[in-house]
Amino acid sequence: MLYRTLKRLIELGRTDGLEEKIDIFFAAGKITEDQYNELVEALKK
């Protein structure tokens with residue numbers, strides 16, 4: 001659920017401060033490494 005929400009925010013262009021939040025969610029174990037890598041890559045595009 002969290003992963004899908006983060007992905008949707010990126011698709012909508014609502015990325016202000018999102019990279020830091022993704023880092024925190026990954027560190028807290030809320031998203032997997034694969035999900036983390038995909039989200040960070042999507043942010044860079």
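The values are calculated or read from the model by the stated rules, or taken from the named source; none is laboratory data. Just so it is clear, the structure is predicted and the values come from calculations on it, not from any experiment. Positions of Cβ are backbone-derived with ideal geometry, glycine not excepted, and every protein chain shown enters the neighbour counts. For the accessible areas, the whole protein counts, side chains as well, though only heavy atoms, and no ligand, DNA or RNA atoms are used. Shrake-Rupley method; radii C 1.70, N 1.55, O 1.52, S 1.80 Å.
Data for the structure
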quantity	calculated
Unique match (being assigned to a loop (DSSP other than H, G, I, E, B), modelled with pLDDT of 95 or more and surrounded by fewer than 14 Cβ atoms within 10 Å (Cβ to Cβ)) among Arg14, Arg8, Arg4	Arg14
Residues (open to solvent by less than 50 Å² (accessible area, probe 1.4 Å), under 16 Å from Lys44 (Cβ atoms) and either free of Cβ contacts under 8 Å to residues at least 12 places away in the same chain or not in a helix (DSSP H, G or I) (or both)) located in the stretch 17-31	Gly17
Hits in the stretch 32-45 (condition: outside any loop (DSSP other than H, G, I, E, B) and of a type in the set (S, T, N, Q))	Gln35, Asn37
